[in-house]
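The values are calculated or read from the model by the stated rules, or taken from the named source; none is laboratory data. Since we're looking at a predicted model, the values are computed, not measured. Neighbour counts run over all protein chains shown; Cβ positions are idealised from the backbone, glycine included.
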Amino acid sequence: MFNFAKKDVVTLGNKRVQIPKLTRNRLKKLTDHIGSIGDYLVKLFLTPEKDRAVFIVAAADVSIDEIYELTSLLSDLPIEYLDEHAGFAECTEFLRLTWERNDMNEALKNLGGLIPPVAQQFVQSIVKRMNRAGEQ
């Protein structure tokens, strides 16, 4: 009935920030901004928890700036403020809690169910080819 364990506010630097609901407007704002971070975040959250640290270290060079930029977009705090006052762990916690609050794993599963099977097979074949190309 009551879920007291869920965190709905975090501290970024010295400011308390509400974990946002990802409305259509926020999602559009994100998709306008997102480059490689979208693929990175999906892979990160789909990576088993025990392997996430290794994944993060491998992608750190690319991801740090984008983690701060996404945090800025979702928190409505200026990137300059975050650069000077917010720790990386604070930003990643904020993004993780945003992901969880909006139940994005379930949303992605539901989205997968909406894609017709033929289109799904087409997408899977593209992903397999991309993965094979990345291994070479």
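Is at least one residue of segment 27-37 surrounded by 10 or more Cβ atoms within 10 Å (Cβ to Cβ), at pLDDT 75 or above, assigned to a helix (DSSP H, G or I) and of a type in the set (A, V, I, L, M)?
Residues of segment 27-37 that are surrounded by 10 or more Cβ atoms within 10 Å (Cβ to Cβ), as a first pass: 27-30, 33-37.
Checking the rest, the ones that are also at pLDDT 75 or above come to 27-30.
Next, from what is left, pick out any that are assigned to a helix (DSSP H, G or I): 27-30.
Subsequent filtering for residues that are of a type in the set (A, V, I, L, M) retains 27, 30.
For segment 27-37, residues surrounded by 10 or more Cβ atoms within 10 Å (Cβ to Cβ), at pLDDT 75 or above, assigned to a helix (DSSP H, G or I) and of a type in the set (A, V, I, L, M): present.
Among all residue pairs at least 6 apart or on different chains, which show Cβ distances below 7 Å where the first residue, located in segment 8-22, is among the charged types (D, E, K, R) and the second is part of a strand (DSSP E or B)?
D8/Q18; R16/V9
Being within 18 Å of the chain's Cα centre (by Cα), at pLDDT 80 or above and surrounded by 12 or more Cβ atoms within 10 Å (Cβ to Cβ), is that true of even one residue in segment 48-61?
For segment 48-61, residues within 18 Å of the chain's Cα centre (by Cα), at pLDDT 80 or above and surrounded by 12 or more Cβ atoms within 10 Å (Cβ to Cβ): absent.
Scanning segment 62-75 for residues that are under 17 Å from G13 (Cβ atoms) and touching a residue at least 24 places away in the same chain (Cβ under 8 Å), which turns out surrounded by the fewest Cβ atoms within 10 Å (Cβ to Cβ)?
Taking the candidates together, the pick is I64.
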